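Peer 1: Below are the structure tokens for one structure; questions will follow.
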Amino acid sequence: MDETLEILAAAKKAADYANIKGILRGSSEISRCVDCLKELETCPFNTELIKTHNIYKKLQNLCKHKSRKICSASSRLIDVWKKREIEVSKRLTRPGIIRIKLRPAPPPHPSSENVSNLPPLQPSSLKMEESTKASKKGLIIRLKMPLQTPVQPSSQKVEDASRKKVRAMLEEAFSKVASESRGKIGNNMYFGDPVEVAAIVESEMFAQMGSCLGNQKTKYRSILFNLRDAKNPDLRRKVLCGDIKPAELIKMKSEQMASNQLKLEMSEIRKRAALREESLIHQLCECNAVY
């Protein structure tokens, strides 16, 4: 299964380089990404691996690539894996059959007392199928037991839905970094995967602050606002590149996370407020001197 993740990471890396270089210059990276996606179609399929690593989200991001070849290859891979997932789910949802084999007891010695003391036959609630060789091998009882999924409480469902929403907003913010940084930084700059970084940041936020529906709702809004701000590309780029760790991001104040333009505006507002205070103090001193 590690091979599947390695091939997917290589495809993502090639797609990012092609996005930075452009469609014309990045033709070799595009072909490399398409070859990796074709190779994933033959890899062993595992639903748990796909869910834990959010592989469908990564492929959906590749479907939005500027290269049509990468878009078609990723969408074809999603269709292939969806069909395999349906086949696996059909196998798992079949009711389990338990076979119990009963051997008949040895017949007692024939006597009038034994026959008179036998209890009357009762109709069984179980469906029994007598085989053609029942006299020799006994009876076969089939118990059909439907598979039941554990029911989650409503509060747990609401919490999971809110976490998924926060993670989706973070993925949307981090997916803008590649297009925003094109031509502004060197080609050797390494970007993390937006889906994985969003999952790590959301997990750290949930571990330190709890649910976004609790007391830390204002802190959640501050972090999401600054990361999604169109005028603040440096913050999300630093988080995606690893310059700012998720734990450091949570400890930062709103002023530290703000964009450069917003910091300038806030400094100007503070200067104006300081000038007003000085003028008021000067006027009060003049009034006291007159009296």
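Peer 1: Please go through region 47-86 and give me each residue that is polar (S, T, N, Q), farther than 15 Å from Ala15 by Cα and surrounded by 15 or more Cβ atoms within 10 Å (Cβ to Cβ), ordered by number.
Peer 2: Once the filter is applied, which keeps residues that are polar (S, T, N, Q), farther than 15 Å from Ala15 by Cα and surrounded by 15 or more Cβ atoms within 10 Å (Cβ to Cβ), region 47-86 yields only Asn54.
Peer 1: Let me ask something else. Pairs needed: first member in region 41-62, under 20 Å from Glu172 (Cα atoms) and part of a helix (DSSP H, G or I); second member anywhere, open to solvent by 50 Å² or more (accessible area, probe 1.4 Å) and not hydrophobic (A, V, I, L, M, F, W, C); C-beta distance under 7 Å; at least 6 residues apart or different chains.
Peer 2: Pairs found: Asn61/Ser175.
Peer 1: Ser222: in contact with a helix residue (DSSP H, G or I) (Cβ under 9 Å, 6 or more places away or on another chain), open to solvent by less than 60 Å² (accessible area, probe 1.4 Å), of a type in the set (Ser, Thr, Tyr) and not in a loop (DSSP other than H, G, I, E, B), yes or no?
Peer 2: For Ser222, the condition - in contact with a helix residue (DSSP H, G or I) (Cβ under 9 Å, 6 or more places away or on another chain), open to solvent by less than 60 Å² (accessible area, probe 1.4 Å), of a type in the set (Ser, Thr, Tyr) and not in a loop (DSSP other than H, G, I, E, B) - is met.
Peer 1: Restricting to region 228-260, name every residue that is open to solvent by less than 90 Å² (accessible area, probe 1.4 Å) and of a type in the set (S, T, N, Q).
Peer 2: Those that are open to solvent by less than 90 Å² (accessible area, probe 1.4 Å) and of a type in the set (S, T, N, Q): Asn232, Ser254, Ser259.
Peer 1: Just checking: which of the helices (runs of 4 or more DSSP H) contained wholly in region 233-291 hold 1 or more residues that are charged (D, E, K, R), within 30 Å of Phe174 (Cβ to Cβ) and at pLDDT 80 or above?
Peer 2: Fully inside region 233-291 and qualifying: 233-241, 246-251, 254-257.
The values are calculated or read from the model by the stated rules, or taken from the named source; none is laboratory data. Being a predicted model, the structure only gives us computed values, none of them experimental. All Cβ positions, even for glycine, are placed from backbone atoms using ideal geometry, and neighbour counts span all protein chains on display. The area values use the complete protein model at the heavy-atom level, side chains included, leaving out ligands, DNA and RNA. Shrake-Rupley method; radii C 1.70, N 1.55, O 1.52, S 1.80 Å.
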